[in-house]
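Asks: One structure follows; several queries about it will come next.
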Amino acid sequence: MQYLGAIFQMEGKIMSESIVLYFPKMKTFCFVLANFSLFFASVVHSAQDAHVHGLSHLTIALEKQTLLVEISSPLMDIVGFEGEPRTKVQKDSIERAKTMLRKIGNVLIFKGGSCIEKNIVVTLGHDHSNDHFHSERNHDTHSEISAVYKFKCSDPKELQEITVLLPNQFSRMEKIKAQWVTSNAQGQITLDKKKNTINLR
């Protein structure tokens with residue numbers, strides 16, 4: 001649970017900064033905050049999913065014309081190592097990964113909604129706890145890479161599906177636990193290379 005707390009502190013900081021930036025109106029802020037709180041509560045209930053190699057997390061919130069998507073993944077699944085990058089090869093790998101995550105065509109495909117990319121924030125976080133949850137030998141550091149995407153959807157009622165391309169971009173990314181909320185519905189699904197589409201209806 002100590003490690004899980006560290007992960008929540010990191011993800012909470014990312015999401016709180018993103019929500020304040022993207023949702024300046026208090027009504028919308030409360031709506032999104034309340035629903036993301038439900039998402040995070042479900043993660044607490046399954047503590048062993050906090051940091052598992054091969055498992056990433058995706059959260060989606062749609063309010064009126066504003067769509068927020070956050071993807072969080074163990075750094076190992078993206079670049080093949082964890083901890084602070086030390087060598088030039090490792091640093092270059094991080095930069096290539098960030099560049100790929102900043103190109104929405106590598107990440108998501110929308111069916112309907114007429115959604116236009118407005119902003120992308122990619123961040124890297126490290127946890128130096130010795131309390132781990134994975135089958136490999138323990139490391140001194142666990143690392144996460146997160147990307148937050150903001151879109152403006154001019155026809156949000158017509159947004160039917162979101163296809164997630166990342167499992168096909170990064171071979172170590174085996175599964176993605178996806179959760180979403182809109183003004184009309186919410187749900188969750190586990191994605192992989194063959195099953196990578198979220199139906200929002």
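Bear in mind these aren't lab numbers, they're just calculated from the coordinates by the rules spelled out. Everything numeric here is computed off the predicted structure, so don't read it as measured data. Because the Cβ atoms are built from the backbone with ideal geometry, glycine has one as well, and the counts that use them run over all protein chains shown.
Asks: For residue 160 and residue 119 in one chain, what is 0.36 nm times their gap in residues minus the Cα-Cα distance, to one decimal in nm? Please report the intermediate quantities before stating the final value.
Replies: Working: separation 41, 0.36 × 41 = 14.76 nm, distance 2.16 nm.
Taking residue 160 through residue 119 to full extension adds about 12.6 nm, to one decimal.
Asks: Rank by packing, highest mean first: peptides 78-85, 99-106, 67-74, 113-120, with packing defined as the count of other Cβ atoms within 10 Å averaged across residues. Don't skip to the answer; put the middle values down first.
Replies: Details: 78-85: 17.9, 99-106: 14.6, 67-74: 23.2, 113-120: 16.4.
Going from most to least packed, we get 67-74, 78-85, 113-120, 99-106.
Asks: Which value in nm describes the separation of the simple spin-label points at residue 172 and residue 199, placed 7 Å from the Cα toward the beta carbon?
Replies: Output for this residue pair reads 3.4 nm.
Asks: Under 5 Å between amide hydrogens, which residues at least 5 positions from residue 56 or on another chain qualify, with H placed 1.01 Å from N in the peptide plane?
Replies: 175, 176, 177
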